[in-house]
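Colleague: Sharing a structure below in C-alpha cells format, with a few things to ask.
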Amino acid sequence: MTLIKSISGIRGTIGGSVGDNLTPVDVVKFAAAYGSWVKQQRNKETYRVVVGRDARKSGEMIQKLVMHTLVGMGIHVVDLGLSTTPTVEIAVALEQADGGIILTASHNPKQWNALKLLNNKGEFLDASEGEKILKIVENENFLFSEVDNLGKISKNDAYIDIHIDEVLDLPLVNVEAIKKANFKVVVDAVNSTGGIAIPLLLNRLGVQTIKLYCTPNGEFPHNPEPLKEHLGDISRLVVKEKADLGIVVDPDVDRLALVCEDGEMFGEEYTLVACADYVLSKSNGNTVSNLSSSRALRDVTEKHGGKYRASAVGEVNVVQLMKDTKAIIGGEGNGGIIYPESHYGRDSLVGVALFLSLLAEKQMKVSTLRTMYPNYFMSKKKIELTPYLNVDALLDKIKERYKDEEITTIDGVKIDFPTHWVHLRKSNTEPIIRIYTEAKTQEEADALAERFIKEIREIAQM
C-alpha cells in the first residue's frame, strides 16, 4: 500500500499503518499543515476554506476529518459535499475564500484517495507553496484554536448548479444552437460526481441523455482512467442507442474523453484540439499544452494564426505559461480543458459545452469532425533502471547525441524531429524514465519508443 506526499497534496491508499498509507492520522496532519499555511498567507480575523469531494467510498470519512481539523484551527469551512474539482475551484473564487481542498484521487482506483490543495484564486499551489506545506507536515508545527475561537461549517450544495450557470453564460457557448441540434448523448461518469454534474448540464442544453454508470456511489464499474481499453461498454451503447456521441469523465470531472457515433474513440488528445479549434475560430489568440501532449494542437493553433507554447508537465505549469503568454485556451492531452474565460483549471463541463457548440455549428457527425484534424498517434512507455544509475547524466548523453535536433529541457528531454517527437522524463520517486512518442502512424510511434528504450539501455551500460 502507498502514501505519496508531494507539492500538490497527499495521496494514498485507505487503511494500513500511519505514514505508509492514507490513514486518518495522516489526513489530520496534512489538513492541519494546510490550515497553518492558509493562516500564514494573510493576517486576518477569520479564514474560510471550501471543501468538496468526489464519490469515493472513503470520501465522507476523509472530508469529515479534514473539515473538523480546519474547524479546530479556527477556520470556517464551506462544505460542498459531493462535488467536482472544477466546481470547488470556482467556488473558492466566488466565496472569496482563502483556499480550497478537493478530496479525490482523480483516475486512481477506488482504494485511493487524496487531498488536492488550492490557493485563494481556486488554483493549484505552485512548487514553493507546496514545499512550505510539506515542511509544516515534517515539523508538525500546528497551532490549534481555543474553544471560543473554533471555526464553523456551513453547507452549500448549490455550487454544481452555480457552476453550470457560469458555463452557460460563457459567450462562446452556443446554447440555442445546441438545443436546436437535438443531440442524443450517452454519459459514463464511472459512478462518481460527473453522474450528477454532466447530466444536469446536458439537461439545461436540451440534450437527450442516456446515463451509464452515473450513480455517485463510488463503485467504479471499470478502471476510472478514461482510456480506450476501459470504455468498451459506452462504445457499444453509443452504437446501440444510435447516439450522436458518448461523453466520459473521470471521478473528479477534470478529464473529458469523447466517443464517436460509430463507437470509436475521438481520442483523448483531441478533446483539447477540437475545443481549441472552436475557440480560435471565434477569437484570435495563443494556446498552451504540456510537452507530452499532441502536436495537433500546435498545428490547429498555427492554422488560425496563433502561437503555440509547451510547458512542463503538470497543470500548475500549464496555467503559469498560459498566463505568461495570454493564451485563450490550453490544457493537457489527457482530456483536460483550461479555458481562462471561465477559470484557470481543467474543466470537463466547460469542455462539453464548447465541444457541443462546435458540433452544433458544424452540423456533422463526430467521426467526420475527427477527420478534419491532423492525425497523430502516441506511444507511452517506461523503462526501469537500477537505483544507483544517474538518470540526469543519462538524459544529458541523450541530449548530446541529438544536439542537432530541436531540443527542449524544461522537463526532462524532448526531441522534436520534423515529423515526430520523443519526450523522456524521469520519475521523481523511482528509477524510471517515462518515454512518450508521437508520429504519423501507431507503428512509427511504437517503433520510436522501442528505439529510445534500446538507446537508453545501451547508454546505461556504458
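Colleague: Students often get this wrong, so check it: of LYS116/LYS228; LYS184/LYS365; LYS179/LYS228, which have C-alpha atoms separated by over 18 Å?
Modeller: Working: LYS116/LYS228 26 Å; LYS184/LYS365 12 Å; LYS179/LYS228 29 Å.
Over 18 Å Cα-Cα: LYS116/LYS228; LYS179/LYS228.
Colleague: Right, next: If the only charges are +1 at each Lys and Arg Cβ and -1 at each Asp and Glu Cβ, what is the size of the charge dipole of the chain around the Cα centre, to the nearest 20 debye?
Modeller: On the way: 55 positive and 64 negative charges, 32 e Å.
With Lys and Arg at +1 and Asp and Glu at -1, about 160 debye.
Colleague: Please give the peptides 198-210, 379-391 ranked by average Cβ packing (other Cβ atoms within 10 Å per residue), highest first, as a rough proxy for protection.
Modeller: 198-210, 379-391
Colleague: Go from 0 up to the bin containing the longest alpha carbon distance in the range 377-460, width 5 Å each, and give me the % of pairs per bin.
Modeller: The calculated distribution, bin by bin, is 3, 16, 28, 27, 18, 7, 2, 0.
Colleague: Per DSSP helix of 4 or more residues, -39500 (n - 2.57); summed, then divided by the residues of the chain. What does that give at 222 nm, rounded to the nearest 500?
Modeller: Working: 15 runs with 177 residues, N = 462.
It comes out at -12000 deg cm²/dmol, rounded to the nearest 500.
Colleague: Could you order peptides 286-298, 260-272, 401-413 by the average number of other Cβ atoms within 10 Å of their residues, highest first?
Modeller: Details: 286-298: 24.5, 260-272: 21.5, 401-413: 14.3.
Ranking, from highest mean packing down: 286-298, 260-272, 401-413.
Colleague: Sort GLU123, GLU438 by Cβ crowding within 10 Å, fewest neighbours at the top.
Modeller: Exposure proxy ranking, most exposed first: GLU123, GLU438.
Colleague: Also, I was wondering about something else. Which FRET efficiency value, to the nearest 0.05, do you get for ASP165 and GLN461 by plugging their Cβ-Cβ distance into 1/(1 + (r/R0)^6) with R0 = 45 Å?
Modeller: Step by step, r from the Cβ atoms, then E = 0.15.
Colleague: Using a basic spin-label model with each label point 7 Å from the Cα along Cα→Cβ, how many nm lie between ARG236 and LYS397?
Modeller: Each label point is offset 7 Å from its Cα along the Cβ direction, giving 4.9 nm.
Colleague: A further question follows. Around GLY345, what is the net charge, scoring Lys/Arg as +1 and Asp/Glu as -1 over all other residues with Cβ under 9 Å from its Cβ?
Modeller: On the way: positive: ARG346; negative: GLU89, GLU123, ASP254, GLU315, ASP347.
In short, -4.
Colleague: Also, I was wondering about something else. Among the DSSP beta bridges whose two residues both lie in the chain, what percent are antiparallel, rounded to the nearest 5?
Modeller: 55
Colleague: Taking H placed 1.01 Å from N in the peptide plane, check which residues at least 5 places from ASN191 or on another chain put their amide H under 5 Å from its amide H.
Modeller: Those qualifying (amide H under 5 Å, at least 5 residues apart or on another chain) are CYS214, THR215.
Colleague: Now a separate question. Could you sort 85-95, 145-155 so that the peptide with the highest average Cβ count within 10 Å comes first and the rest follow in order?
Modeller: Numbers: 85-95: 25.1, 145-155: 11.6.
Per-residue Cβ counts within 10 Å, averaged per peptide and sorted highest first, yield 85-95, 145-155.
Colleague: On full extension of the chain, what length is gained from LYS303 through LYS184, given 0.36 nm per residue of separation minus the C-alpha to C-alpha distance?
Modeller: Numbers: separation 119, 0.36 × 119 = 42.84 nm, distance 3.10 nm.
Separation in residues times 0.36 nm, less the Cα-Cα distance, equals 39.7 nm.
Colleague: Next question. ILE153's amide H: which non-local residues (gap 5+, or another chain) put their own amide H closer than 5 Å, with H modeled 1.01 Å from N in plane and none for Pro or chain starts?
Modeller: Distant-sequence amide H within range of ILE153: VAL77.
Colleague: Further question: Greater than 29 Å separation of Cα atoms is the criterion. Which listed pairs, LYS121/LYS282; LYS132/LYS381; LYS121/LYS382, meet it? Let's see the in-between values first.
Modeller: Values: LYS121/LYS282 27 Å; LYS132/LYS381 33 Å; LYS121/LYS382 35 Å.
Beyond 29 Å between Cα atoms: LYS132/LYS381; LYS121/LYS382.
Colleague: Considering only DSSP beta bridges whose two residues both sit in the range 163-371, what percent are antiparallel, to the nearest 5? Before the final figure, lay out the partial values.
Modeller: On the way: 9 of 25 bridges.
Bridges in the range 163-371 are about 35 percent antiparallel.
Colleague: If neighbour count is taken as other Cβ atoms inside 10 Å, put ILE14, ILE433 in order from fewest to most.
Modeller: Working: ILE14 20, ILE433 24.
So the residues, fewest neighbours to most, are ILE14, ILE433.
Every number in this text was worked out from the coordinates using simple rules, so none of it is lab data. This structure is a prediction, so every number in the text was calculated from the model and none was measured. All Cβ positions, glycine included, derive from the backbone under ideal geometry; neighbour counts span all protein chains shown.
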